[in-house]
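Trainee: Submitted below is the structure of interest, expressed as structure tokens.
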Amino acid sequence: MTRIACRAFAVLILLAGVGFGVHIGVTSEEDVQDPRLAAEEDLRAADAEQQTTRDWHREYTQSAADNDAESKAESIAEVASDQAKALDDTYAELQAQEEENSNPPSGPVDLGPIPSDCNSYSGNKAAGCARLLEHGFGLDQMPCLESLWDKESGWNERAHNQGSGAYGIPQALPGNKMSTAGDDWETNPNTQINWGLGYISGRYGTPCDAWAYSQANGFY
């Protein structure tokens, strides 16, 4: 082989090697994935998973909050209902007591002998009998009035209950309530009797009704 032929053959071999290497390089670049792309895909997948977790946690937290709020609302409503019922029961009890006080129990009353006139009485009782007739009551009410104020004060115009502060023949509480019947309420039995009969008439109707209430309750 000539020198020229040898050189030509060497060039051909070189060119063939270069072409084969280029082909291998292209194939490798096509077959091998870029690590940065793989990392980006991993990050996107991780972000998506985290977002899913956050969404689930937010929904769970909101659901728990809603359930807690509903439970608290039910508890508040239950307490309010119990309080309203207690107030209703208290009001009903007070109303019943008021009705009992304003409507004294009826029934037989120990009247005692009915006087034919007021001459059988003396002192403050005689004054009480006269005032009784002036207030429009009959003599049949006098035994009840006598018993009532015997019990309260013994018909003493200066009777003073140290415990309650009640004063006078009718035992007004406080005593100065009788000032509506006269400025001399502290010493004048007639002023006290007039006030007491007005009180009995307005609250109980008659002295016998007041006496019946006093016997049942211990006061009038």
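Trainee: Please count how many residues of the range 110-120 are within 19 Å of G154 (Cβ to Cβ) and either at pLDDT 95 or above or small (G, A, S) (or both).
Mentor: Summing the residues that are within 19 Å of G154 (Cβ to Cβ) and either at pLDDT 95 or above or small (G, A, S) (or both) in the range 110-120 gives 2.
Trainee: Would you mind stating whether A159 is closer than 18 Å to A210 by Cβ, open to solvent by less than 70 Å² (accessible area, probe 1.4 Å) and touching a strand residue (DSSP E or B) at 6+ places or on another chain (Cβ under 8 Å)?
Mentor: yes
Trainee: So which pairs qualify, if the first residue must be in the range 182-195 and free of Cβ contacts under 8 Å to residues at least 40 places away in the same chain, the second must be crowded, with 21+ Cβ neighbours inside 10 Å and among the β-branched types (V, I, T), the Cβ gap must be under 6 Å, and the two must be at least 6 apart or on different chains?
Mentor: If the second residue must be crowded, with 21+ Cβ neighbours inside 10 Å and among the β-branched types (V, I, T), the pairs left are G182/T191; D184/T191; W185/T191; Q192/I169.
Trainee: Among the residues of the range 133-159, write down those that are closer than 17 Å to G198 by Cα and under 48 Å from the mean Cα position of the chain (by Cα).
Mentor: H135, G136, F137, Q141, C144, L145, E146, L148, W149, E152, W155, E157
Trainee: Oh, and also: What about S147, is it assigned to a helix (DSSP H, G or I), within 23 Å of S116 (Cα to Cα) and polar (S, T, N, Q)?
Mentor: Judged against the criteria, S147 is a match.
The values are calculated or read from the model by the stated rules, or taken from the named source; none is laboratory data. Note that the coordinates shown come from a computational prediction; the quantities given were computed from them, not determined experimentally. Here the Cβ is made from the backbone with ideal geometry for all residues, glycine too, and neighbour counts use every protein chain on show. These accessible areas exclude ligands, DNA and RNA; they are computed on the full protein's heavy atoms, side chains included. Shrake-Rupley method; radii C 1.70, N 1.55, O 1.52, S 1.80 Å.
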